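Undergrad: Structure below; questions to follow.
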Amino acid sequence: MIDSPKNVGWIGLGIMGGPMLRNLLGKMERETQFYVYDVVQKSIDDLIAEGQGRVHACNSSKEVADHSVCD
């Protein structure tokens with residue numbers, strides 16, 4: 001079994017990206033944090049509300065990458 005990452009960066013919450021991230025939220029360990037960015041603020045706000053404190057808004061794609069660096 002592979003350990004889940006502790007941080008996941010996600011850019012794009014549109015027609016495909018939003019449902020994919022929602023699926024990951026349900027399947028990954030509760031400790032996993034998601035750092036997201038999209039050009040539509042409502043998409044970010046909706047996922048934060050659904051994310052049970054695990055989804056965090058970023059101001060740019062660079063900020064997403066900074067949070068999801070692998071060891």
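Undergrad: Mind checking the angle between helix 41-50 and the chain's longest principal axis? C-alpha axes, 0 to 90 degrees, to the nearest 10.
TA: Between the helix axis and the principal axis of the chain, the angle is about 40 degrees.
Undergrad: How about the chain: which GluC sites (Glu not before Pro) there lie in a loop by DSSP and see at most 15 other Cβ atoms within 10 Å?
TA: Glu29, Glu31
Undergrad: Taking θ = phi - 60°, what integer Hz values does the Karplus form 6.51 cos²θ - 1.76 cosθ + 1.60 yield along the range 12-19, in sequence order, with x for Gly and Pro?
TA: Values per residue, Gly and Pro as x: x, 10, x, 4, 9, x, x, x Hz.
Undergrad: Work out from phi, with θ = phi - 60° and the Karplus expression 6.51 cos²θ - 1.76 cosθ + 1.60, the ³J(HN,Hα) of each residue of the range 23-31, listed in order in whole Hz, and give x for Gly and Pro.
TA: Result, rounded to whole Hz: 4, 5, 4, x, 9, 8, 4, 5, 7.
Undergrad: What value, in deg cm²/dmol to 500, does the helix sum -39500 (n - 2.57) over DSSP H runs of n ≥ 4 give at 222 nm once divided by the residues of the chain?
TA: Mean residue ellipticity at 222 nm (helix-derived): -11500 deg cm²/dmol.
Undergrad: Could you tell me which of Pro19, Asn59, Tyr35 has its Cα farthest along the dipole of the chain towards the positive end, charges placed at Cβ (Lys, Arg +1; Asp, Glu -1), taken about the Cα centre?
TA: Checked the options; the winner is Pro19.
Undergrad: How far apart, in nm, are two points set 7 Å out from the Cα along the Cα-to-Cβ line at Met16 and at Gln41?
TA: So the two model labels end up 2.8 nm from each other.
Undergrad: Further, regarding this structure: Please compute P(r) over all alpha-carbon pairs of the chain, binned at 5 Å starting from zero, and give each bin as a whole-number percent.
TA: The calculated distribution, bin by bin, is 3, 18, 30, 27, 16, 4, 1, 0.
Undergrad: Still on this structure, please answer the following. Treating the beta-carbon of each Lys and Arg as +1 and of each Asp and Glu as -1, no other charges, what is the dipole magnitude of the chain about its Cα centre, to the nearest 20 debye?
TA: Computed about the Cα centre, the dipole is about 140 debye.
Undergrad: Follow-up. I need the chymotrypsin sites (Phe, Trp or Tyr not before Pro) found in the range 8-71, filtered to DSSP loop residues with at most 10 other beta carbons within 10 Å of theirs.
TA: none
Undergrad: For Val55, list long-range residues whose amide hydrogen, built 1.01 Å from N in the peptide plane, is under 5 Å from its own amide hydrogen.
TA: Long-range HN contacts for Val55: Phe34.
Since every read-out is calculated from the coordinates, none of them should be taken as a lab result. Everything numeric in this text was worked out from a predicted model, so none of it was measured. As a convention, Cβ positions derive from the backbone with ideal geometry for all residues, glycine included, and neighbour counts pool all protein chains shown.
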